[in-house]
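A.B. asks: The structure under discussion is supplied below as structure tokens; questions concerning it will follow.
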Amino acid sequence: MAPDGDDLLAQQLRQLRREYLADSVHRVAELRALQADLAADQRTALGKLRQAFHRLAGSGGSYGFPAVSTRSREAEGLAQRLESAGTPLAPSDLSAIDACITGIDRAFGDARTAMETESTA
């Protein structure tokens, strides 16, 4: 029996969510690369980090991963505050950025685990 429209849509959405999570490794790698760029050009790299956090805040929620969205929004707020301050980043600022990226990475990992659990249930 062919799946009805609702089942097909649900399957397509699950597939999109799986693809988004599969790509999360690359998204976190991009954040880490931008973090590394802070050593060379703080203002430019900080702006790019803020934009990357902003995109993840939106896409995380759109794909149904609120923890990714929440962590990314927090990171975006931090980057915005640091940008607005216009002063060189202190070691504590760099640690805070690192903690934000680690939190986003963990949120993606938790989402992958939850998705795998759903698939086997």
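The values are calculated or read from the model by the stated rules, or taken from the named source; none is laboratory data. All values derive from a computational prediction rather than experimental measurement. FYI the Cβ positions are ideal-geometry reconstructions off the backbone, even for glycines, and counts take in every protein chain you see. SASA here: full protein model, heavy atoms, side chains in, ligands and nucleic acids out. Shrake-Rupley method; radii C 1.70, N 1.55, O 1.52, S 1.80 Å.
A.B. asks: Do you know which of the residues in the range 99-121 that are within 17 Å of the chain's Cα centre (by Cα) and of a type outside the set (A, V, I, L, M, F, W, C) is surrounded by the fewest Cβ atoms within 10 Å (Cβ to Cβ)? Show your work before the answer.
C.D. replies: Our first condition is that a residue be within 17 Å of the chain's Cα centre (by Cα); within the range 99-121, this holds for 99-115.
Cutting the leftovers down to of a type outside the set (A, V, I, L, M, F, W, C) gives us 102-103, 105-106, 109-110, 112-113.
Numbers: Thr102: 14, Gly103: 17, Asp105: 19, Arg106: 14, Gly109: 14, Asp110: 13, Arg112: 16, Thr113: 11.
This residue is Thr113.
A.B. asks: Another one. Against the condition in contact with a Lys or Arg (Cβ under 8 Å, 6 or more places away or on another chain) and in contact (Cβ under 8 Å) with a residue 40 or more places away in the chain, how does Leu46 come out, does it pass? Show your work before the answer.
C.D. replies: Values: in contact with a Lys or Arg (Cβ under 8 Å, 6 or more places away or on another chain): no; in contact (Cβ under 8 Å) with a residue 40 or more places away in the chain: yes.
The answer is no for Leu46.
A.B. asks: Name the residues in the range 1-55 that are loosely packed, with under 15 Cβ neighbours inside 10 Å, at pLDDT 95 or above and of a type in the set (Gly, Ala, Ser), would you?
C.D. replies: Ala22, Ala29, Ala33, Ala36
A.B. asks: What do you reckon, is Ala96 surrounded by fewer than 19 Cβ atoms within 10 Å (Cβ to Cβ), part of a helix (DSSP H, G or I) and at pLDDT 95 or above? It would help to see each step written out before you state the result.
C.D. replies: Numbers: surrounded by fewer than 19 Cβ atoms within 10 Å (Cβ to Cβ): yes; part of a helix (DSSP H, G or I): yes; at pLDDT 95 or above: yes.
For Ala96, the condition - surrounded by fewer than 19 Cβ atoms within 10 Å (Cβ to Cβ), part of a helix (DSSP H, G or I) and at pLDDT 95 or above - is met.
A.B. asks: Considering only the range 56-75, how many residues are at pLDDT below 95 and open to solvent by less than 20 Å² (accessible area, probe 1.4 Å)?
C.D. replies: Within the range 56-75, residues that are at pLDDT below 95 and open to solvent by less than 20 Å² (accessible area, probe 1.4 Å) number 0.
A.B. asks: Just to be sure, is Ala79 among the aliphatic types (A, V, I, L, M) and touching an Asp or Glu at 6+ places or on another chain (Cβ under 6 Å)?
C.D. replies: Values: among the aliphatic types (A, V, I, L, M): yes; touching an Asp or Glu at 6+ places or on another chain (Cβ under 6 Å): no.
No: the conditions fail for Ala79.
A.B. asks: Confirm whether Leu78 is more than 20 Å from Leu21 (Cβ to Cβ) and either small (Gly, Ala, Ser) or open to solvent by less than 70 Å² (accessible area, probe 1.4 Å) (or both).
C.D. replies: Values: more than 20 Å from Leu21 (Cβ to Cβ): yes; either small (Gly, Ala, Ser) or open to solvent by less than 70 Å² (accessible area, probe 1.4 Å) (or both): yes.
Answer is yes for this residue.
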